[in-house]
Structures are given as C-alpha cells and as structure tokens.
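What follows is a short report on a single structure.
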Amino acid sequence: MTTLAILTDVLEKAGLRVSTAEDSVYSNHLIYGSTPPDLILLDVMLPHMSDDKKAALLKSREKSRNIPVLLISSQEERTSFALQPALEPTAS
C-alpha cells in the first residue's frame with residue numbers, strides 16, 4: 001500500500017473528503033476550483049515542479065495563501081530519517 005493510499009484511507013475514515021492529483025498541473029484544478037481544499041498534502045517528490053517552488057506559489061497567491069500545506073514523502077528512507085529524531089529517547 002502506498003503512502004498516498006494510506007493517508008487517503010485514514011482521512012476518509014475520519015470523515016474527510018479527499019481529492020488527489022498526480023502532478024502539480026492537475027493540482028491547480030483542485031486548489032483553485034470552486035471549492036478549495038482545507039489542507040494540502042504536498043509530496044516532496046512532486047512531478048513537473050519542485051515541492052518548494054509549488055509551496056512558494058501556493059503561499060504567494062491570494063486564493064491559496066491561507067490553506068495549510070503539509071509536506072510529505074513517499075520515499076521510505078526520507079520518511080524514516082525524518083521520523084528518527086522523534087523516536088529517539090530523551091536524555092535524562
């Protein structure tokens with residue numbers, strides 16, 4: 001099961017409506033359509049545009065600047081690395 005499938009399943013079970021886009025071009029249709037999203041999950045490996053450029057564009061436009069953006073990754077190594085500090089025990 002992919003990261004996207006897992007996140008979609010969790011969010012739908014929580015009662016949220018989930019829309020997905022395979023690339024940054026189609027995502028514009030979802031983001032700037034008649035019903036903008038409440039949250040954007042942005043894959044750091046986004047095709048056709050880097051994640052930081054897409055996030056900067058989202059924050060620069062009036063219609064999307066107040067939508068929270070959460071960067072995610074479907075790469076196991078990056079996810080494990082990002083979570084590692086939170087999993088380490090604190091020093092006493």
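Exposure proxy shown here: for 4, 16, the number of other Cβ atoms within 10 Å sets the order, fewest to most, as 16, 4. In order along the range 20-33, phi translates into HN-Hα couplings of 10, 10, 7, 8, 5, 5, 5, 4, 4, 4, 6, 6, 9, x Hz, rounded to whole numbers, per the Karplus curve 6.51 cos²θ - 1.76 cosθ + 1.60 with θ = phi - 60° and x for Gly and Pro. Counting neighbouring beta carbons within 10 Å and listing from fewest to most, the residues 73, 27 come out as 73, 27. Exposure proxy ranking for 51, 9, based on other Cβ atoms within 10 angstrom of each Cβ and starting from the fewest, stands as 9, 51. What you get for the range 20-75, charging only the Cβ of Lys and Arg (+1) and of Asp and Glu (-1), is a dipole of about 260 debye around the Cα centre.
Under 5 Å between amide hydrogens, built in the peptide plane, is the criterion, and for residue 41 it picks out 70 among residues at least 5 positions away or on other chains.
Rounded to the nearest Hz, the phi-derived 3J(HN,Hα) couplings of the range 62-72 under the Karplus curve 6.51 cos²θ - 1.76 cosθ + 1.60 (θ = phi - 60°) are 4, 5, 10, 5, 9, 7, x, 10, 10, 7, 10, where x marks glycine and proline. When the charge dipole of the range 20-75 is built from unit charges on Cβ atoms (+1 for Lys and Arg, -1 for Asp and Glu) and taken about the Cα centre, the candidate among 44, 28, 73 whose Cα reaches farthest toward its positive end is 28.
Bear in mind these aren't lab numbers, they're just calculated from the coordinates by the rules spelled out. Just so it is clear, the model here is predicted, and its values are computed rather than measured. FYI the Cβ positions are ideal-geometry reconstructions off the backbone, even for glycines, and counts take in every protein chain you see.
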